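Participant: Once you've had a glance at the structure underneath, I'll fire off some questions.
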Amino acid sequence: MSTPYDPHQVEKDAQRLWADSECFRTTESGDKEKFYCLAMFPYPSGQLHMGHVRTYTLGDVIHRYKRLKGYNVLHPMGWDAFGLPAENAAIKNGIPPARWTRDNIEYMRGQMRALGFGFDWNREFATCDPSYYHWEQWFFTRLYRKGLAYRKNSVVNWDPVDQTVLANEQVEDGRGWRSGALVERREMPQWFLKITDYAEELLGELDNLPDWPDSVKTMQRNWIGRSEGVEIDFPVVGSDEVLTVYTTRPDTLLGATYVAVAAGHPLAAGAAVRDPRVAEFVEACSHTKTAEADIATLEKAGVPTDVTVTHPLTGESLPVWVANFVLMEYGSGAVMAVPGHDQRDWEFATKYGIPILQVIEPAEGEDASACDLSRAAYVPYGRLINSGEFDGLSSADAFGAIADALTAKGRGRRQTHFRLRDWGVSRQRYWGCPIPMIHCPECGIVPVPDEDLPVLLPTEVQFEGVRSPLTTMESFYRTRCPECGGEARRETDTFDTFVESSWYQARFACPDANEPMVDERAKFWTPVDHYVGGIEHAILHLLYARFYHKLMRDEGLLDSDEPWRRLLMLGMVLKDGKKMSKSSGDAGNPQHLIDKYGADAVRTAMMFAAPPDQAFEWSEAGVEGQSRFCRRLWTLVQDHLAEGPVPSLDKEALGADARALRRKTHETLQRADDDYGRRTQFNTVVSAVHELVNAASRIQPANGQDRATVREALRVAVVVLSPIAPHLTQALWAALGGKGLLVEARWPEVDESALIQDRLALVVQVNGKVRGHVEVDAGADEQTAQAAALGEENVARFVDGKTIKKVIMVPGKLLNIVVG
RNA sequence: GGCUGGGUGGCGAAACUGGUAGACGCGCUGGACUCAAAAUCCAGUUUGGGCGACCAAGUGCGGGUUCGACUCCCGCCCCAGCUACCA
């Protein structure tokens, strides 16, 4: 192989070897321990961008490392193929979504092959395959029969010109992105899955996931938002009705000075009929986007109504306001307002001149100056005042006392509340999995029977405007009721695409399973041992998949409690400081880099650029450098081989330079093993290999043992680098006498004896500042080290004339002499 | 607005459990090779001072704990992700 490095030839050769040997095809047999490594499958948007390159290179690195460590590794790939962009492309270019999606998949699969990702392509599927969504429909009918799927009204963004529902990202400044029309909030019936039934388990199980990042667990805990509080009834004056609110601060109940309801609350509707100002306010609220971020950043505003309620403990009358920050979807759509002790209520009360009452004072030992109700609300817990019989109680004691008092009066009850809401799975869109339900005028809602599944999504469609073609396609929606046989209408909503991505990991275990949705192989492979994907999925996708896994477990399809054992959450690859999007186009496309430098250089540069969990701005500058490194390693191996055969290594016969190189070799092996296996930080693996290769190229071999040491260093460098740059290293492995495929090889053992050092360098500090370095025997005690340190001229200069007060020694590292 | 992260040379970063800040690479500067260039190789490269050995300052900003802080604590500024219909 005395040829110059040609990455394209080398990569073609390695990829042919892998294809011919089918080495990435995985089965359930054999005595190796199973390891399921999965990277989040992509939406086939057209071409890979650098975010994909990062995700799939990381997944491939973990997969190849685990193979070297002797595991039976499953590493599949497929396509999250339903979604909005395909419809947008269809509307814009007239290409049917199915064809657009298939073309994109073809192209992106080619790019993945060119990048050398070792996927088991025998397991590939796309979620738009009827053989996949068939089982999603089958499972939904089971959930429906169990009462875990139901229908209720829910608010959507409605574009009155295009007559369609808009996704949050399709609303720009309150207007539809295509029509420019002012968006309206509109209620419509939608399908929901009862994720709240599993809220307690979804929260509790987080404690049993030690290999998840703490940040993700915290985000999920906060999202689920379990709280303990009290539900309180405020009787409506002049009516039999009560207005129910939920609060986690019943200790502040005596400080309530008004009650606020959502614009969508029945009380607000009633008041609007009587008062045009209320009607106007409610109308204005109907144009706010449904996204939480938009509602939360609105300027707080409200109107008073003619409705008053009675305070359940004092009997006083409190006014009812309609406020834009109260959400109908959350809790009961009404809140009690305590402006003295809640900052949002304080701002609202200050704006509208509503009384502010202090009922909590800072507890003993707290900073009393922090409580100044003319400047802000006092939010911390404290001691009750102005609360009648409850005066003097701590907030904690008052919680119980007031809850008991309310319960005794029949005006309240303790309640555990979750922020988590049920999962709305209906989408008024075409390119998704049809919801397998039939609306019969006689029998009501009837699930499609198993024998009629799948409900096929028609692929030959014409888009007229932006509405889902299903709603006007008689051949699709006209059907017969399975129960009475009468004329009925098929559901035209499709599933949220998060449904498909909630169980694909189980389907990869048995992609050809036919009856039921997964078979015994799913129990063999799940849970996924290492899941790799973008941090942007930390809440929704991961939470939905956890929920779905439990649903499948409870159906007897799976036998584990959680889908993902260990998580690697990748930071975003940014473009101009922002998340990459379809609109960044070619800027994120790796194709020209692969064409110019080859896959190994692109992969190495991507791994070298930053640690996996960190977001970073992609720049092509590093690729050239790694391409140079690949060539240098290639040339170094060639030159080494050209010098002829080497004798076998004799550890006892090594000179000082060889011993130093050998220590470097085994240190690199140890460090890389830790970085790959425990830390999942691969940029430092690349650095370590750079260092080893630099050291191996610097040595001037004087004899056979020197050359044998270099050979060992090169072999280690090749194996350690192989998960990252698999093609180049395959060729070098063979050239260095490696047997078989490198992907079938084993990770080398560290020789502990090579790591031992007789003499150690110590840093010497005086008062914490570095003043010199000394070399001592490995076992040297503090006295010996101190004596050696004081022998250093520069150290002595800072110690002379002063008293040594203290000496701190960190064995093998540092000696700090504290003088005064 | 809320939740979760992040901020270190000209640039990407390293420093893992509180122990030499800047490994490794990019870029840049100088040199070798060349008719010349590219490629390659060698040397230098945090800032300020000094011929130099060295000295001082330095990890977003302001405080604190410690023999010792990029790392821990308190307050602030800026950036990113998510925020339930982007995936």
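Participant: Compute the projected area of the convex hull of the Cα atoms of the stretch A:367-412, averaged over all viewing directions, and report it in nm² to one decimal place.
Facilitator: Across all orientations, the stretch A:367-412 yields a mean hull projection of 3.9 nm².
Participant: In addition: Which residues' amide hydrogens lie under 5 Å from the amide hydrogen of A:Lys575, considering only partners 5 or more residues apart or on another chain, with H built in the peptide plane?
Facilitator: A:Met580
Participant: Continuing with this model, one more query. Between A:Gly486, A:Met328, A:Phe35, whose Cα lies farthest towards the positive end of the dipole of chain A when Lys and Arg beta carbons carry +1 and Asp and Glu beta carbons carry -1, centred on the Cα centre?
Facilitator: In chain A, that residue is A:Phe35.
Participant: Next question, about the same structure. Once every Cα of chain A carries one equal point scatterer and solvent is ignored, give the base-10 log of I(q)/I(0) from the Debye formula at q = 0.05, 0.11 Å⁻¹, two decimals.
Facilitator: Log10 I(q)/I(0), no solvent term: -0.40, -1.25.
Participant: What nm value, rounded to one decimal, do you get for the distance between A:Asp391 and A:Glu22 when each label is placed 7 Å out toward the C-beta?
Facilitator: Between A:Asp391 and A:Glu22, the simple spin-label model gives 8.6 nm.
Participant: Based on the mean of other beta carbon atoms within 10 Å per residue, what is the order of A:253-264, A:567-578, most packed first?
Facilitator: Ranking the peptides A:253-264, A:567-578 by packing returns A:253-264, A:567-578.
Participant: Now for a separate question. So what is the relative contact order for the stretch A:471-580, in percent, with contacts set as C-alpha pairs under 8 Å and at least six apart?
Facilitator: Relative contact order here is 23 percent.
Participant: Given A:Lys300/A:Lys579; A:Lys217/A:Lys579; A:Lys34/A:Lys739; A:Lys194/A:Lys550, which pairs have Cα atoms separated by over 19 Å?
Facilitator: From the list (A:Lys300/A:Lys579; A:Lys217/A:Lys579; A:Lys34/A:Lys739; A:Lys194/A:Lys550), the Cα-Cα distance tops 19 Å for A:Lys300/A:Lys579; A:Lys217/A:Lys579; A:Lys34/A:Lys739.
Participant: Here is a further query. At a Cα cut-off below 22 Å, give the lysines reachable from A:Lys596, other chains included and same-chain residues fewer than 8 away excluded.
Facilitator: Within the straight-line cut-off, A:Lys596 pairs with A:Lys12, A:Lys575.
Participant: Across every pair of different alpha-carbon atoms, what Kirkwood hydrodynamic radius in Å does the stretch A:2-50 reach?
Facilitator: 14.9 Å
Participant: On the Cα set of the stretch A:1-117, report Rg and Dmax in Å, please.
Facilitator: 17.3, 55
Participant: Taking the Cα centre of the stretch A:706-760 as the origin, how large is its charge dipole in debye, to the nearest 20, when only Lys and Arg (+1) and Asp and Glu (-1) carry charge on their Cβ atoms?
Facilitator: 220 debye
Participant: Then there is this: Could you go through the stretch A:378-386 in sequence order and give the Karplus-derived ³J(HN,Hα) for each residue, using 6.51 cos²θ - 1.76 cosθ + 1.60 with θ = phi - 60°, rounded to whole Hz, and x for Gly and Pro?
Facilitator: 9, 8, x, 5, x, 10, 7, 9, 6
Participant: Also: Using a probe of 1.4 angstrom, how much of the accessible area of chain A is carbon and sulfur, in percent?
Facilitator: Of the solvent-accessible surface of chain A, carbon and sulfur hold 48 percent.
Participant: Quick one: which residues, 5 or more positions from A:Trp423 or on another chain, have an amide H under 5 Å from its amide H? H modelled 1.01 Å from N in the peptide plane, none for Pro or chain starts.
Facilitator: A:Leu193, A:Ile195, A:Thr196
Participant: Also, quick follow-up: Sorting check: for A:239-250, A:453-464, which peptide has the highest mean count of neighbouring beta carbons within 10 Å, and how do the rest follow?
Facilitator: Ranking the peptides A:239-250, A:453-464 by packing returns A:239-250, A:453-464.
Participant: Now, a different point. How big is the charge dipole of the stretch A:726-789 about its Cα centre, in debye rounded to the nearest 20, if each Lys and Arg gets +1 on its Cβ and each Asp and Glu gets -1 on its Cβ?
Facilitator: Charge dipole of the stretch A:726-789: 360 debye, to the nearest 20.
Participant: Hey, another quick one. Which one of A:Ala601, A:Gln730, A:Leu636 is farthest out on the positive end of the charge dipole of chain A, using unit charges on Cβ (Lys, Arg +1; Asp, Glu -1) and the Cα centre as origin?
Facilitator: A:Leu636
Participant: Which one of A:Gly410, A:Thr310, A:Ala199 has its Cα pushed farthest toward the positive end of the charge dipole of chain A, where Lys and Arg give +1 and Asp and Glu give -1 at the Cβ?
Facilitator: The residue sitting most towards the positive pole is A:Ala199.
Participant: Given a 1.4 Å probe and the protein chains all in place, what does the accessible area of A:Tyr676 round to, in Å² to the nearest 10?
Facilitator: 10 Å²
Participant: At 7 Å along the Cα-to-beta-carbon direction for both A:Arg344 and A:Ser619, put a label point, then send me their distance in nm to one decimal.
Facilitator: 4.2 nm
Participant: Only loop residues by DSSP count here, and only those with at most 10 other Cβ atoms within 10 Å; note down the GluC sites (Glu not before Pro) in the stretch A:600-653 that meet that.
Facilitator: A:Glu643
Participant: Considering only protein heavy atoms, with the full assembly of protein chains and a 1.4 angstrom probe, order A:Val155, A:Val73 by accessible area, largest first.
Facilitator: Putting A:Val155, A:Val73 in descending order of accessible area: A:Val155, A:Val73.
Participant: Here's a follow-up. Can you work out the PRE-style zone for A:Arg145? Point 7 Å along Cα to Cβ, and I want the residues of the stretch A:428-462 with backbone N under 13 Å.
Facilitator: The answer is A:447-452, whose backbone nitrogens lie closer than 13 Å to the label point.
Participant: Once the principal axes of the Cα atoms of the stretch A:598-728 are found, what is the range along each, listed largest first in whole angstroms?
Facilitator: Cα spread of the stretch A:598-728 along its principal axes, largest to smallest: 48, 30, 20 Å.
Participant: Per residue of the stretch A:357-364, what does 6.51 cos²θ - 1.76 cosθ + 1.60 with θ = phi - 60° give for ³J(HN,Hα)? Whole Hz please, x for Gly and Pro, Karplus curve as stated.
Facilitator: 10, 8, 10, 10, 10, x, 5, 3
Participant: On to the next question. Based on Cβ point charges of +1 for Lys and Arg and -1 for Asp and Glu, what charge dipole magnitude is obtained for chain A about its Cα centre, in debye rounded to the nearest 20?
Facilitator: 1680 debye
Participant: Could you tell me the relative contact order of chain A? Use alpha-carbon pairs under 8 Å, at least six residues apart, and round to a whole percent.
Facilitator: It comes to 14 percent, rounded to a whole number.
Participant: So with the 1.4 Å probe, I'd like the accessible area per residue for chain A, rounded to whole Å².
Facilitator: 44 Å²
Participant: Cross-link partners among lysines for A:Lys806, C-alpha distance below 22 Å, same-chain residues fewer than 8 apart left out?
Facilitator: Candidates past the 8-residue exclusion: A:Lys769.
Participant: Add -39500 (n - 2.57) for each DSSP H run of 4 or more in chain A, then divide by its residues: what number comes out at 222 nm, to the nearest 500 deg cm²/dmol?
Facilitator: Using -39500 (n - 2.57) per qualifying helix, the result is -11000 deg cm²/dmol.
Participant: What FRET efficiency, computed as 1/(1 + (r/R0)^6) with R0 = 56 Å and r the Cβ-Cβ distance, is obtained for A:Asp6 and A:Asp240, rounded to the nearest 0.05?
Facilitator: 0.05
The values are calculated or read from the model by the stated rules, or taken from the named source; none is laboratory data. None of the values given here were measured: they were computed from a predicted structure. Positions of Cβ are generated from backbone atoms using ideal geometry, with glycine treated the same way; all protein chains shown enter the neighbour counts. Just so you know, the surface numbers come from the protein's heavy atoms only, side chains and all, with ligands and any DNA or RNA stripped out. Shrake-Rupley method; radii C 1.70, N 1.55, O 1.52, S 1.80 Å.
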